[in-house]
Amino acid sequence: MKVNEIFYSLQGEGITAGYPTVFIRLTGCNLRCLYCDTVYAYEEGQEMSVKDVADRVHEYGAHYVCITGGEPLQQKAELKLLLSLLNRYTVTIETNGSLSLEDLSFNYCHFAMDIKTPGSGMHLYNDFSNIEFLRSKDEIKFIIGSRTDYDFARGIIEKYKLAQKVIVTFSPVFGLEPRFLAQWVLEDKLFFVRVQLQIHKYIWEPGARGV
Ligand SMILES: C[S@@+](CC[C@H](N)C(=O)[O-])C[C@H]1O[C@@H](n2cnc3c(N)ncnc32)[C@H](O)[C@@H]1O
Ligand SMILES: Nc1nc2[nH]cc(C(=O)O)c2c(=O)[nH]1
Ligand code: SF4
Ligand SMILES: [Mg+2]
C-alpha cells in the first residue's frame, strides 16, 4: 500500500480528540477540497507492505490508531487487510464520504465520515447511501466555512434524520473564527451537535503534523 506518513501525536479531531494516537496517512485522494490541509498526501509516499505498516504501529504501543489520508478508502483491499492486523486497537477511519464503506464495519473500528459542504467544492460527490453503514458510535463530520455551509448541514441532518443515527460534529474550516459557528449552534439549539476544533493546530504550528 502507498503510505504518506506514520506518526505519533495527540488526536486533534473527532470523538477521540486528545488521546495519544498513531496516525497512518495513506497516499492519494479522489477529491480536491478547496480548504484541504493535506495536499502533500495527494502524491507523495512510499510503497509498504501491509505487515510492515502494522509492525510500525505496534512499535508505539498506543491504544488508538487513526487511518487517514488523503483518502484511505482509495486503497480499500489493502486497508481491509491492514485493519485485520490492528484488531488490538481502537481504530478511527477518516473518510471523505464519497467511496463505499461497505465491508469495513469491524467492531473495533469506527468511522469519522465527512459529508462535504458546498464550500469544499466537492459536495456533489457525497454518497449518501453510506449512511446505512454507519452505527451509533460512528461520526459524521461537517466542515463549515460559511453560513451557507451551516444551512446545508442542517438540511442534510434533517433529511437523513442523522441526529437519531450517529454522532454529528461541526468543525470550522481552519482560520474561520469559531465563535460564529458556536453562536449559530447555540442559538438554533442544535443540542445533538458537537462543535469541535482541530486542537493540534492550536497546540502546534498549523501545517506541522502535530508530532
Ligand atoms: C485531511 S482529511 C483526510 C480524510 C478524508 N480524505 C476526509 O476528507 O475526511 C481529514 C479531515 O480533515 C478535515 N480538514 C481538511 N482540511 C481542513 C481545514 N482546512 N480545516 C478544517 N478541517 C479540515 C477534512 O474535512 C477531514 O474531516
Ligand atoms: N494531531 C493530528 N490529529 C489529526 N487528526 C486528524 C488528522 C488528519 O490530518 O487527518 C490529524 C493530524 O494531522 N494531526
Ligand atoms: S477529501 Fe480529505 S484529503 Fe481529499 S481533498 Fe478533501 S480534505 Fe483533502
Ligand atoms: Mg489533518
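The values are calculated or read from the model by the stated rules, or taken from the named source; none is laboratory data. Please read all numbers here as calculations on a predicted model, not as lab measurements. Glycine also receives a Cβ, built like all others from the backbone with ideal geometry; neighbour counts cover every protein chain displayed.
Are any residues in the stretch 98-136 closer than 14 Å to I15 by Cβ, touching a Phe, Trp or Tyr at 6+ places or on another chain (Cβ under 9 Å) and in a loop (DSSP other than H, G, I, E, B), and if so, which ones?
L134, R135
Which ones in the stretch 44-59 are under 20 Å from R88 (Cα atoms), in contact with a strand residue (DSSP E or B) (Cβ under 8 Å, 6 or more places away or on another chain) and buried (at least 17 other Cβ atoms within 10 Å of the Cβ)?
Pass one, the stretch 44-59, residues under 20 Å from R88 (Cα atoms): 49-59.
Remaining after also requiring in contact with a strand residue (DSSP E or B) (Cβ under 8 Å, 6 or more places away or on another chain): 53, 56-57.
Residues satisfying the conditions are V53, V57.
From (1) over 15 Å from M113 (Cα atoms); (2) in a helix (DSSP H, G or I), pick out the condition that doesn't hold for Q74.
Failed condition: (1).
Assess whether T169 counts as being at pLDDT 95 or above, touching a Lys or Arg at 6+ places or on another chain (Cβ under 6 Å) and at negative phi.
Working: at pLDDT 95 or above: yes; touching a Lys or Arg at 6+ places or on another chain (Cβ under 6 Å): yes; at negative phi: yes.
Yes, satisfied.
Looking at (1) farther than 18 Å from K116 by Cα; (2) surrounded by 20 or more Cβ atoms within 10 Å (Cβ to Cβ), which is the only condition K80 fails?
Every condition holds for K80 apart from (2).
Every residue in the stretch 105-131 that is under 18 Å from I93 (Cβ atoms) and in contact with a strand residue (DSSP E or B) (Cβ under 7 Å, 6 or more places away or on another chain), please.
Selection gives Y108, C109, H110, F111, A112, M113, D114, I115, N130.
Would you mind finding the one in I143, I157, I131, I115 that is closer than 28 Å to K76 by Cβ and touching a residue at least 60 places away in the same chain (Cβ under 8 Å)?
I143
Between F152, F128, which is surrounded by 14 or more Cβ atoms within 10 Å (Cβ to Cβ) and not β-branched (V, I, T)?
One residue alone meets the criteria, F152.
What number of residues within the stretch 181-194 satisfy the criterion of being in contact (Cβ under 8 Å) with a residue 24 or more places away in the chain and either surrounded by fewer than 17 Cβ atoms within 10 Å (Cβ to Cβ) or within 16 Å of ligand 2 (Cβ to nearest atom) (or both)?
3
Which residues, taken from the stretch 158-210, are farther than 30 Å from S9 by Cα, outside any helix (DSSP H, G or I) and either touching an Asp or Glu at 6+ places or on another chain (Cβ under 6 Å) or of a type in the set (A, V, I, L, M) (or both)?
Result: L190, single match.
Condition test on R88, is it free of Cβ contacts under 8 Å to residues at least 40 places away in the same chain, over 25 Å from D149 (Cβ atoms) and surrounded by fewer than 20 Cβ atoms within 10 Å (Cβ to Cβ)?
Against the criterion (free of Cβ contacts under 8 Å to residues at least 40 places away in the same chain, over 25 Å from D149 (Cβ atoms) and surrounded by fewer than 20 Cβ atoms within 10 Å (Cβ to Cβ)), R88 qualifies.
Out of contact with any His (no Cβ under 8 Å at 6 or more places or on another chain) and not in a helix (DSSP H, G or I), is that true of R56?
Criteria not met by R56.
In the stretch 6-43, which residue that is surrounded by fewer than 18 Cβ atoms within 10 Å (Cβ to Cβ) and of a type in the set (D, E) is nearest to ligand 4 (Cβ to nearest atom)?
D37
Please find, within the stretch 13-55, the residue that is nearest to ligand 3 (Cβ to nearest atom) out of those that are β-branched (V, I, T) and under 28 Å from L124 (Cα atoms).
Result: T38.
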